[in-house]
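Here is the structure we will look at, set down as structure tokens.
The values are calculated or read from the model by the stated rules, or taken from the named source; none is laboratory data. Note that the structure is predicted; figures quoted are calculated from it, not measured. Here the Cβ positions follow ideal geometry from the backbone for every residue, glycine too, while neighbour counts run over all protein chains shown. To get the accessible areas, we keep the full protein, side chains included, count just its heavy atoms, and leave off ligands, DNA and RNA. Shrake-Rupley method; radii C 1.70, N 1.55, O 1.52, S 1.80 Å.
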Amino acid sequence: MTKPREIRLSTTPTPEALAELRLGDIVYLDGLLYTAREGVYKRALEEQANIPMELPGESAANFHCSPAAAIRSDGSFDMGAVTATASFRFAKWLPEWMEKTGARLIIGKGGMSSKDYKEYFVPNGAIYLSTVGYGTGALLGRGIEKVEAVHWRDELGLAQAMWVIRCKKMGPFIVASDLDGNCLFERENAKIVQNLDRVYEGTRPATLKRYGETDDRSDEVIG
């Protein structure tokens, strides 16, 4: 089994750097990244509020996450961990967000479908980076150098605010899509499905079933 490539990537990546990425590469990020979830998307896109950053000049990396942060007595922030959240929840805002902000790295949990990548990401020259496994919030927190700013905290609250984080070797993240819109999880799931019949060979169908339950074993395979 070939060991995945490990790559250090700027949060303002060049098109050439993005083109070099391959599905399954392990990426560590350097530079500024910002958090943007439904609160930020609604405020910036639906309410037309001015985005309080120079994008993509300062950052082209949008992290779908909830920071575990506390406010110190002097007003500064203590952020020890960042927990990624599922990106499919924000799919409807991503095309307009990427077009408006020049985001080239969308980071989160679980990935999206190749259909989404081809329709939303490819036209904007963007890729998706997924967190690796669960419970990695503290591990990712090691890559945080400092919190540069927290925008719209009063309007949106700590969880939904736009956090600007300076990071150094933050990761690991895995390249889950490429510039052609291919999807890592769909590719690997297709390989697993090929062996499902062999795994279940000799077993009988369940006698009792829940309403709507299927015998299609491929439905058990998730990304």
Normalised contact order of the stretch 42-93, rounded percent, pairs of Cα under 8 Å and 6 or more residues apart: 28 percent
Residues L45 and R8, FRET efficiency given R0 of 30 Å [Cβ-Cβ distance, rounded to 0.05]: 0.45
T203-R89 FRET efficiency (beta carbon distance; Förster radius 25 Å; 0.05 resolution): 0.10
Cβ-Cβ FRET estimate between K169 and A190, R0 fixed at 25 Å, reported to 0.05: 0.15
Accessible area in square angstrom per residue, the stretch 80-152, 1.4 angstrom probe: 43 Å²
Pairwise centroid distance, computed over Cα atoms, of the stretch 44-112 with the stretch 3-28, Å: 20 Å
Fully extended contour minus Cα-Cα distance, from D154 to D78, at 0.36 nm per residue: 25.6 nm
Residue-averaged [θ]222 nm for the chain, counting only DSSP H segments that reach four residues, each worth -39500 (n - 2.57): -4000 deg cm²/dmol
Net lengthening on full extension, R22/A70 (0.36 nm per residue, minus Cα-Cα): 13.6 nm
Relative contact order (%) - criterion: Cα under 8 Å, at least six apart; region: the chain: 24 percent
Check: the stretch 6-185 dipole with +1 on Lys, Arg Cβ and -1 on Asp, Glu Cβ, in debye: 400 debye
Top of E148, E119, E47 by mean-square fluctuation, Gaussian network on the chain, Cα under 10 Å: E47
In nm, spacing of pseudo-spin labels at E145 and E119 (7 Å Cα→C-beta vector): 3.9 nm
Residue-by-residue Karplus 3J(HN,Hα) for the stretch 149-165, coefficients 6.51, -1.76, 1.60, Hz, glycine and proline x: 6, 10, 9, 6, 5, 5, 6, 10, x, 4, 5, 9, 4, 8, 8, 10, 10
Under Karplus coefficients 6.51, -1.76 and 1.60, residue-wise ³J(HN,Hα) of the stretch 77-82 in Hz, glycine/proline x: 10, 10, 10, x, 8, 9
Other-chain or far-sequence residues with amide H under 5 Å of T136's (modelled H): none
Acute angle (nearest 10 degrees) that the helix 184-193 long axis makes with the longest principal axis of the chain, alpha-carbon atoms: 10 degrees
